[in-house]
Amino acid sequence: MAKSLDLDLGVLALAHLKNAAGDGRPALLGASVQDLESLAEALGEPRYRGRQLFTAIFNRRIADFAEMTDIPAGLRQTLATACELDRPHATTIVASVDGTRKYRFETPDGVAFESVYIPEVAKERHTHTLCVSSQSGCSLGCRFCFTASIKRYRNLTAAEIVGQVLAVQADVSRPEIDGKITNIVFMGMGEPLLNYDNVVRAAQLLTDPAGLDFSTRRVTISTAGIVPRIYDLGRDLTTQVAISLNASCDETRNRIMPINRKWPLSALIKALREYPLPRRRRFTIEYVMLGNVNDSLRDAEQLVRLLDGIPVKINLLPLNPHSRTEYVPPAPERVTAFQQALRGANVNAILRTPRGQDIAAACGQLGPAASQL
Ligand code: SF4
């Protein structure tokens, strides 16, 4: 059996699997069946070994080649030398009083990113969501978000994104927690559509029936409005889509989300109207409410008009306060009036209870330790 421990990933068309450590080993947590079939061939093995490997990694969620006993021992040894199967390394795990768990991962090249596991409070609903990061830090500069203040950032690889799911699943499945990830939202650190190829690849791996097998209904990609990529997303994936909207007119949105100056609301809304939404699906509209900025009845009425005819559900998220924003949470009575105005116009508007606020795990708080907030 011919083996190569000096794989040239560029020649093998597997350059996208380069690991973050930069030692040339392919990161198999980002590999498709086809990638693994090519890899098997390059190692002088039959192609079907690639599918076997894929099932072992993603379906059986085995984290150590030595435990893949249906694969010949010699090949397991070769793989252990030539490839990387490491899940992201959690340097800190903190638990909130409400059961939310925040994971801080650090990479061999020295960047950090976070994931948040949010178990449903009403246990009988059995929806336990993992919020994953797509970048370390973020370049978009939304003025209400802590992550925007982190200057050093890079795109995460598909392996690092999928690895968050595998690492957290392994942690929460311990008997003392007895958890299980049922839903995945790309709403952690970063703008997913600025890391398009890795995010699409990760979503495909997460929803592959032969692998992790999450339903496309249970995986949501969120964007602040990278309009050209929304069109691409409609062609490439059938997962759910969330829009971080947060304003109903350009004047306010320009102020709180600089990305709106590049792609204003008219372009964003046009993209939503033209999106090939699968039947019986709706967009999720995220609306972070900032006191006296976007929380008036006039804002609510404008929002109804803006979204008229688009299938949506709106999540209302009163600002989670932190030290790096000039904004304050809205008054509770303004939140109630805003929600009622939307509901009165037959718009499905849900007021989200903040989760994990005490550990800096709530929406817009990712990046710092709780003490830095
Ligand atoms: S809200 Fe999202 S897109 Fe905006 S700065 Fe924060 S992480 Fe980036």
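Data table
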read-out: Förster radius 25 Å - calculated FRET efficiency between Asp236 and Arg273, Cβ distance, rounded to 0.05; value: 0.85
read-out: Simple spin-label estimate for Ala80 and Glu301 in nanometres, 7 Å along Cα-Cβ; value: 7.0
read-out: Loop-located trypsin sites (Lys or Arg not before Pro) in segment 245-305 whose Cβ has at most 10 other Cβ within 10 Å (DSSP); value: Arg279, Arg280
read-out: Cα shape, the chain, gyration tensor, a/c 1.5 rule; value: prolate
read-out: DSSP H segments from the chain that extend 20 Å or more along their own axis, Cα-based, with Kyte-Doolittle mean of -0.5 or above; value: 158-172
read-out: Mean ellipticity per residue at 222 nm, deg cm²/dmol - from DSSP H runs of n ≥ 4 across the chain, formula -39500 (n - 2.57); value: -8500 deg cm²/dmol
read-out: Cα-Cα over 30 Å, subset of Lys18/Lys262; Lys102/Lys270; Lys18/Lys151; value: Lys18/Lys262; Lys102/Lys270
read-out: Estimated inter-spin distance, Ser139 and Tyr48, nm [label 7 Å along Cα→Cβ]; value: 4.6
read-out: Share of carbon and sulfur in the accessible heavy-atom surface of segment 15-82 [1.4 Å probe, %]; value: 47
read-out: Distance in nm between pseudo-label sites at His89 and Arg261 (7 Å out along the Cβ direction from Cα); value: 4.0
read-out: Zone residues, segment 275-305, relative to Glu251, backbone N less than 16 Å from point 7 Å out along Cα-to-Cβ; value: 292-303
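The values are calculated or read from the model by the stated rules, or taken from the named source; none is laboratory data. Everything quoted here is computed from the prediction, not taken from an experiment. Positions of Cβ are generated from backbone atoms using ideal geometry, with glycine treated the same way; all protein chains shown enter the neighbour counts. Areas reflect the complete protein model, heavy atoms only, side chains present, ligands, DNA and RNA absent. Shrake-Rupley method; radii C 1.70, N 1.55, O 1.52, S 1.80 Å.
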